[in-house]
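So the structure is just underneath, and the comments pick up after that.
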Amino acid sequence: MAEGNGVLVIGESQGDELALATQEILAAGRKVADDLGQELAIGLFGSSVEAPAQAAISQGADRVYSVTSPLLADFQVELYLAAAETLCKEVSPAIVLIARTNQGREVAPRLAFRLGVGLAQDCLEVSADPGAGKLLANRPVYGGNAVAVISCNQTPQVAAIRPKVYVPLEADASRQGDVVSFPVDLDASMVRSRVLEVVKEEAEGIKLEDASIVVSGGRGLGGPEPFSQLEELAKLLGGAVGASRAAVDSGWVPASYQVGLTGKTITPDLYITIAISGASQHMAGCSGSKAIVAINKDAEANIFKEARYGVVGDWEKVLAAMTETVRELVQE
């Protein structure tokens with residue numbers, strides 16, 4: 001592609017709302033665009049995107065490309081990819097940012113390949129080098145034990161950013177921006193796979209990734225039964241329950257509970273870990289927690305290096321005492 005200009009976000013919408021992850025990427029893109037003195041645009045794909053388009057402008061976008069087609073009513077990777085590729089080649093942005101959601105994980109690497117460039121994957125932070133006009137991306141390496149700062153020498157520079165590492169900008173209804181209709185030539189024959197069935201998992205309470213307080217358990221709990229005690233504490237605190245990969249792999253809780261490199265990324269105000277050793281893969285999913293409280297019988301457990309507060313002892317006794325204290329405080 002030719003030398004580009006501007007920052008383009010490949011966005012997502014959910015019905016008439018702008019996806020939360022896209023709101024976060026707009027915050028990242030706004031900072032990069034301002035530092036480079038360039039425009040921030042966003043591409044929105046669907047059968048209708050009027051409401052999400054206005055939301056995107058209120059949260060930092062200077063321009064919205066409305067890529068609409070009946071074939072884009074539901075996410076289908078081949079069609080979304082074709083639309084995103086056409087948009088990028090026509091607009092020629094210098095930088096392309098994508099949220100590393102389930103949808104973004106499918107689109108980002110394919111899009112980078114089609115554009116003939118590399119991909120900065122799973123970024124924790126992006127910034128700009130105004131002098132060189134380059135994007136700088138911070139991403140975890142060596143299983144989350146270190147963070148590397150990388151830059152791209154090709155245009156466009158494409159980065160997939162981990163959700164929950166940026167806070168969306170406050171919406172400003174007075175912001176002005178352009179909404180540009182961008183027609184694309186799509187055909188149903190492009191689809192190479194199809195969805196046979198969608199199974200929705202019924203969930204109660206706060207979603208794990210949205211909770212301000214999370215209580216997680218690990219292998220040291222010894223089985224699935226103790227998770228009922230974690231749920232009791234989480235309910236008292238108004239939080240959600242999580243788990244380590246070991247607990248999920250053992251079949252004690254569903255995969256939707258998993259926190260970590262191959263699970264969900266969370267950024268709660270308070271993260272209480274019980275019988276979790278603190279392996280780097282787990283910490284990669286909760287490193288954005290504002291405060292970590294660790295309960296573990298092993299004083300040498302890695303989790304204590306990351307925790308603000310730690311209790312060395314039998315988790316059953318400590319958890320029971322903590323739950324009782326919280327219950328008393330809540331009732332006062």
Selection from the range 13-28 of residues that are assigned to a loop (DSSP other than H, G, I, E, B), open to solvent by 10 Å² or more (accessible area, probe 1.4 Å) and touching a residue at least 24 places away in the same chain (Cβ under 8 Å): ASP16
Residue in the range 121-131 that is part of a helix (DSSP H, G or I), touching a strand residue (DSSP E or B) at 6+ places or on another chain (Cβ under 9 Å) and more than 20 Å from ASP34 (Cα to Cα) present: no
Residue count for the range 29-52, restricted to those that are closer than 25 Å to ARG162 by Cβ and not in a strand (DSSP E or B): 12
Residues (among the β-branched types (Val, Ile, Thr) and either on the phi > 0 side of the Ramachandran plot or surrounded by fewer than 16 Cβ atoms within 10 Å (Cβ to Cβ) (or both)) located in the range 159-191: VAL167, VAL180, VAL191
For GLU204: the one exception among (1) over 22 Å from the mean Cα position of the chain (by Cα); (2) closer than 27 Å to PRO163 by Cβ: (1)
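May I ask you to list the residues in the range 53-65 that are part of a strand (DSSP E or B) and open to solvent by less than 20 Å² (accessible area, probe 1.4 Å)?
VAL64
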Some residue of the range 215-224 being part of a helix (DSSP H, G or I), buried (at least 22 other Cβ atoms within 10 Å of the Cβ) and either at positive phi or touching a residue at least 60 places away in the same chain (Cβ under 8 Å) (or both): yes
Candidate set from the range 264-280 (those that are open to solvent by less than 20 Å² (accessible area, probe 1.4 Å) and without any contact (Cβ under 8 Å) to a residue 60 or more places away in the chain); member that is nearest to GLU24 (Cα to Cα): PRO268
Verdict on PRO163 being under 19 Å from the mean Cα position of the chain (by Cα), in a strand (DSSP E or B) and modelled with pLDDT under 90: no
Residue match in the range 192-204 (condition: at pLDDT below 90 and surrounded by 11 or more Cβ atoms within 10 Å (Cβ to Cβ)): yes
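Filtering the range 281-332 down to residues that are in a strand (DSSP E or B) and of a type outside the set (A, V, I, L, M), which residue is most open to solvent (accessible area, probe 1.4 Å)?
Once the filter is applied, the top-ranked residue is TYR309.
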Positions within the range 239-256 being more than 22 Å from the chain's Cα centre (by Cα) and among the hydroxyl-bearing types (Ser, Thr, Tyr), in sequence order: SER250
Single residue of the range 32-49 satisfying the filter (free of Cβ contacts under 8 Å to residues at least 60 places away in the same chain and open to solvent by 30 Å² or more (accessible area, probe 1.4 Å)) that is farthest from ALA82 (Cα to Cα): ASP34
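The values are calculated or read from the model by the stated rules, or taken from the named source; none is laboratory data. Source: prediction; values computed, not measured. All Cβ positions, glycine included, derive from the backbone under ideal geometry; neighbour counts span all protein chains shown. Each accessible area value is taken on the protein alone, full model and side chains, heavy atoms only, with ligands, DNA and RNA left out. Shrake-Rupley method; radii C 1.70, N 1.55, O 1.52, S 1.80 Å.
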